[in-house]
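What follows is a single structure, written as structure tokens, with notes after it.
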Amino acid sequence: MSILGTRVLRTEDPAFLTRGARYVADLDDPRLDGAATVVFVRSQVAHGRIESIDKGDAESMPGVVAVATAADLAMDLLPANRPAPNTMRQPVLATDVVRFVGEPVVAVLAETEAQAVDAAEQIWVDVEPFTPVVDVRQAADDEVLLFPDAGTNVAVEFPAEEDDELFEDCDVVVRQEMMNQRLAGCPLEGRAGAASWVDGRLVTFLSTQAAHAARDRLAQWYELDPADVHVVAPDVGGGFGPKIGMYAEYYVLGALARLAGRPVRWVERRTENMLAMGHGRAQAQTIEIGGTRDGRVLAYRLTGIQDAGAYPMVGAYLPSFTAMMAPGVYDIARVVTDLRSVVTTTAPTVAYRGAGRPEATEAIERGMDLFAAEIGMDPVDVRRRNLIPPFDEPYTTAVGSTYDVGDFEGALDRVLEAAGYDELRAEQARRRADGAVVQLGIGVSIYVEITAGPRAGQQEFAEIVMDERGEVTVFTGSSAHGQGHATSFSMLVSDALGVPMDDITVVHGDTDAVEKGVGTYASRSLQVGGTAVLRTADALVVRARELAADRLEADPADIVLDQGAGVFHVAGSRSVSVGWTDVVVEAGGSLGESLSHRTTAPTFPFGAHVAVVDVDTETGKVELRRIITCDDAGRMLNPLLVEGQRHGGIAQGVAQALCEEMLYDEDGNPQTTNFADYTVISAAELPPYELVPMETATPVNPLGAKGVGESGTIGATPAVHSAVIDALAHLGVRHVEMPTTPQRVWDAIRAARSSGGASEESP
């Protein structure tokens with residue numbers, strides 16, 4: 001019996017629960033002996049020219065090793081993120097102009113963190129303030145330029161052809177401006193790094209999702225051969241996307257270690273993390289949706305401005321994903337997207353769980369709700385009327401995205417049945433008729449997203465080595481940061497080779513140990529990294545069969561592996577067999593295979609969510625009563641791990657709808673830089689999850705698996721957002737911006753009551 005598809009407990013958890021994780025802050029590697037501590041002095045002004053930097057008495061304070069500016073380190077601007085203009089490059093430490101509160105300006109190196117903090121407080125950065133630009137629509141006007149040499153604040157454009165006749169045959173056209181708000185990643189472990197020069201090699205420890213990419217970037221920066229850079233990602237305390245790329249601070253560490261002639265270590269504090277680690281979402285949208293009064297949607301236009309923050313990092317390019325997924329699950333003949341990214345005097349934006357796809361889903365699902373309200377039809381009926389029919393051959397949408405396989409109506413039917421949709425609507429009607437203070441809201445979303453994309457050719461590396469004791473080591477370019485890679489990859493190898501999982505060790509996040517790799521993002525680990533592991537295991541079996549054939553004096557084609565017993569024998573004859581250890585001895589004491597797997601196409605997970613909320617119309621308080629989800633990620637390797645990923649994703653999706661938002665005032669000062677002001681969701685705000693099963697295997701990889709890590713953030717947000725507005729619709733509330741805080745909900749109710757008609761709450 002195959003272990004695949006069973007609920008195997010996470011093999012990595014016992015060590016985490018007993019030994020504890022080993023984060024960058026915990027490392028006792030001898031290469032870091034005597035490490036000094038780095039503290040960054042950061043800009044307190046959103047936009048301005050640096051007139052002077054007064055180091056004061058900082059350099060002579062107790063324990064201080066060095067106080068360094070960009071000039072002291074002689075470090076150039078960071079490479080441009082193409083296709084953004086080369087004029088929008090970021091300095092590793094601000095030189096002439098600061099562009100967001102939190103931008104690093106000076107690095108202080110001391111024996112202890114306390115000494116470094118004390119010295120940093122003595123450094124004065126004199127800044128002549130410029131006009132800040134916080135609002136993306138104002139930034140798009142180019143009245144205040146962050147990079148005058150660029151001549152514009154537009155970093156990247158994803159334009160569409162004009163279509164003046166897009167809505168010409170529509171009976172109804174609905175338009176809505178909305179904001180997919182800025183979010184903070186909030187990993188338990190913030191950014192952290194350590195660096196040391198050992199015999200001319202740069203050894204760097206980073207809390208990163210992509211160790212090999214970090215190695216290559218550092219090698220390029222320091223003009224080293226990649227073999228002369230060793231990057232280690234130890235246990236990583238959460239990533240969620242913001243830890244994919246390289247940050248300016250990471251480049252500084254190696255320069256500081258060289259300057260001081262000793263190792264250095266940096267672990268950012270929570271407020272520092274909220275200020276300066278890349279944020280997510282931050283996309284202003286205008287949706288226009290039109291169709292017939294019987295519920296058929298004929299045309300859809302999505303116009304958006306992405307807030308790239310002060311420097312165009314990964315976030316500047318995410319509207320491409322938004323455009324790819326704009327139609328969602330719907331058969332809409334005419335779809336137009338017009339998207340661009342602009343720089344603002346805020347922290348740069350990066351990939352955040354879903355990365356461009358939640359923005360697309362929120363927009364089209366909000367559009368379906370608005371269209372349904374306009375024509376007086378149940379929002380479920382409108383959705384069902386426009387769904388792409390079930391398909392098991394590739395389906396190409398109006399914007400050119402080709403989905404692999406899907407049954408969107410099947411997911412909708414399952415989740416509605418589980419929710420008891422008709423009964424919920426009946427309860428809602430009773431409360432409305434009674435004029436209850438606490439009203440019931442029901443929100444529905446249907447989504448499809450792209451994983452392991454955006455196109456074919458995504459790759460990952462795997463190597464499997466067995467020693468003469470029968471112990472197996474799996475080397476993978478995929479890096480774990482909570483997902484359960486050690487468990488899932490061990491399951492694949494155990495099933496393929498017929499060896500116990502206890503005899504399998506998974507190694508990742510070490511560029512010296514793992515020859516090459518790409519990393520972990522875009523829900524790619526199992527379908528790309530796992531497929532690489534599976535194919536490598538299959539190749540190892542082929543090699544072992546040849547060696548076993550020599551021992552058994554048979555043709556390799558006649559040799560079979562009994563996975564249950566972990567032995568090789570001639571087909572039809574079990575009387576004589578050889579085990580793995582025999583085969584390894586035959587190979588000289590070690591047997592291994594390696595390969596890089598390339599994808600033939602991305603995959604498109606899908607699902608449907610129903611959210612049920614209670615809204616107190618006197619206080620604006622929203623309580624999530626139920627969340628029912630059907631998330632189809634193809635064939636499940638380990639349902640327990642899948643459920644864990646769904647749990648986390650749903651929590652983040654609900655949080656965006658209800659409570660989380662990274663706020664800046666008009667002067668560019670961040671207002672939510674700690675967990676007292678930035679409302680991270682907790683278990684207290686979440687009901688028990690109601691998870692509806694569904695598996696539709698994809699044909700694009702041998703596992704039949706799709707990504708699942710981001711599904712919850714994509715499906716839950718529009719469902720909960722819709723539910724809140726639905727609870728208030730009979731009062732005349734048309735729209736409430738996210739997050740739907742008590743204040744915003746109360747304001748929307750008050751506005752509707754005072755106007756006696758439809759209300760639209762603005763942020």
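The values are calculated or read from the model by the stated rules, or taken from the named source; none is laboratory data. Because the structure is predicted, anything quoted here is derived from the model rather than measured. As a convention, Cβ positions derive from the backbone with ideal geometry for all residues, glycine included, and neighbour counts pool all protein chains shown.
Checking each residue in segment 161-187 for being assigned to a loop (DSSP other than H, G, I, E, B) and touching a Phe, Trp or Tyr at 6+ places or on another chain (Cβ under 9 Å) picks out 166, 185, 186, 187. One residue stands out among those in segment 309-348 that are of a type in the set (Gly, Ala, Ser) and part of a loop (DSSP other than H, G, I, E, B): the one that is surrounded by the most Cβ atoms within 10 Å (Cβ to Cβ), which is 328. Residues in segment 536-589 that are in a helix (DSSP H, G or I), hydrophobic (A, V, I, L, M, F, W, C) and closer than 29 Å to residue 506 by Cβ: 12 in all.
Within segment 627-634, can one find any residue that is part of a strand (DSSP E or B), more than 25 Å from residue 699 (Cα to Cα) and over 21 Å from the mean Cα position of the chain (by Cα)? Yes, because at least one residue in segment 627-634 is part of a strand (DSSP E or B), more than 25 Å from residue 699 (Cα to Cα) and over 21 Å from the mean Cα position of the chain (by Cα). Take the conditions under 23 Å from residue 208 (Cα atoms) and either surrounded by fewer than 19 Cβ atoms within 10 Å (Cβ to Cβ) or not assigned by TED's automatic domain parsing to the domain that holds residue 353 (or both) and apply them to residue 498. Does it pass? When the stated conditions are applied, residue 498 does not pass them.
Given 351, 398, which one is under 30 Å from residue 49 (Cα atoms), assigned to a loop (DSSP other than H, G, I, E, B) and assigned by TED's automatic domain parsing to the domain that holds residue 706? Lay out the reasoning, then the answer.
On the way: 398 fails: under 30 Å from residue 49 (Cα atoms).
Unique residue meeting the criteria: 351.
Somewhere in segment 167-182, is a residue touching a residue at least 40 places away in the same chain (Cβ under 8 Å) and on the phi > 0 side of the Ramachandran plot? Checking segment 167-182: not a single residue is touching a residue at least 40 places away in the same chain (Cβ under 8 Å) and on the phi > 0 side of the Ramachandran plot.
Does segment 150-160 hold any residues that are in a loop (DSSP other than H, G, I, E, B) and either closer than 15 Å to residue 320 by Cα or more than 36 Å from the chain's Cα centre (by Cα) (or both), and which are they? Listed by number, the residues that qualify are 159, 160.
Would you confirm, using the coordinates I've provided, whether residue 486 is crowded, with 17+ Cβ neighbours inside 10 Å, within 22 Å of residue 205 (Cα to Cα) and touching an Asp or Glu at 6+ places or on another chain (Cβ under 7 Å)? Let's see the steps before the verdict.
Working: crowded, with 17+ Cβ neighbours inside 10 Å: yes; within 22 Å of residue 205 (Cα to Cα): yes; touching an Asp or Glu at 6+ places or on another chain (Cβ under 7 Å): yes.
For residue 486, the condition - crowded, with 17+ Cβ neighbours inside 10 Å, within 22 Å of residue 205 (Cα to Cα) and touching an Asp or Glu at 6+ places or on another chain (Cβ under 7 Å) - is met.
Is it the case, given these coordinates, that residue 457 is of a type outside the set (S, T, N, Q), over 17 Å from residue 511 (Cβ atoms) and over 21 Å from the mean Cα position of the chain (by Cα)? The answer is no for residue 457.
Among the residues of segment 221-234, are any buried (at least 21 other Cβ atoms within 10 Å of the Cβ), under 25 Å from residue 649 (Cα atoms) and in contact with a His (Cβ under 7 Å, 6 or more places away or on another chain)? Within segment 221-234 (the criterion being buried (at least 21 other Cβ atoms within 10 Å of the Cβ), under 25 Å from residue 649 (Cα atoms) and in contact with a His (Cβ under 7 Å, 6 or more places away or on another chain)), the answer is no, since none of the residues qualifies.
Of the residues screened, residue 478 is one that is in contact with a Phe, Trp or Tyr (Cβ under 9 Å, 6 or more places away or on another chain), buried (at least 21 other Cβ atoms within 10 Å of the Cβ) and either of a type in the set (Asp, Glu) or over 20 Å from residue 564 (Cβ atoms) (or both). In segment 409-420, the residues that are not assigned by TED's automatic domain parsing to the domain that holds residue 385 form no Cβ pair under 7 Å with any partner that is surrounded by 19 or more Cβ atoms within 10 Å (Cβ to Cβ) and basic (Lys, Arg), whether six or more places apart or across chains. Among the residues of segment 248-276, those identified as among the hydroxyl-bearing types (Ser, Thr, Tyr) and in contact with a helix residue (DSSP H, G or I) (Cβ under 8 Å, 6 or more places away or on another chain) are 250, 251. In this structure, residue 369 does not satisfy being farther than 28 Å from residue 152 by Cα, in contact (Cβ under 8 Å) with a residue 12 or more places away in the chain, assigned by TED's automatic domain parsing to the domain that holds residue 288 and surrounded by fewer than 24 Cβ atoms within 10 Å (Cβ to Cβ).
The test for being more than 22 Å from the chain's Cα centre (by Cα), of a type outside the set (Val, Ile, Thr) and over 15 Å from residue 718 (Cβ atoms) holds for residue 298. Taking every residue in segment 94-123 that is not assigned by TED's automatic domain parsing to the domain that holds residue 310 and pairing it with any residue that is outside any loop (DSSP other than H, G, I, E, B) and aromatic (Phe, Trp, Tyr), at least 6 positions away or on another chain, the pairs with Cβ-Cβ distances below 6 Å are 104/40; 107/40.
Within segment 673-693, the set of residues being part of a loop (DSSP other than H, G, I, E, B) and crowded, with 18+ Cβ neighbours inside 10 Å comprises 673, 678, 681.
So that you can scan it fast, the table gives a plain yes or no per residue for (1) surrounded by 20 or more Cβ atoms within 10 Å (Cβ to Cβ); (2) acidic (Asp, Glu):
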| site | (1), (2) |
| --- | --- |
| 388 | yes, no |
| 391 | no, no |
| 404 | yes, yes |
| 409 | no, yes |
| 437 | no, no |
| 453 | yes, no |
| 461 | yes, no |
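Among the residues of segment 485-514, write down those that are in a loop (DSSP other than H, G, I, E, B) and either modelled with pLDDT under 95 or in contact with a helix residue (DSSP H, G or I) (Cβ under 6 Å, 6 or more places away or on another chain) (or both). Full working, then the answer.
Just the residues of segment 485-514 that are in a loop (DSSP other than H, G, I, E, B), to begin with: 498-500, 508-509, 511-514.
Answer for segment 485-514, where residues must be in a loop (DSSP other than H, G, I, E, B) and either modelled with pLDDT under 95 or in contact with a helix residue (DSSP H, G or I) (Cβ under 6 Å, 6 or more places away or on another chain) (or both): 509, 511.
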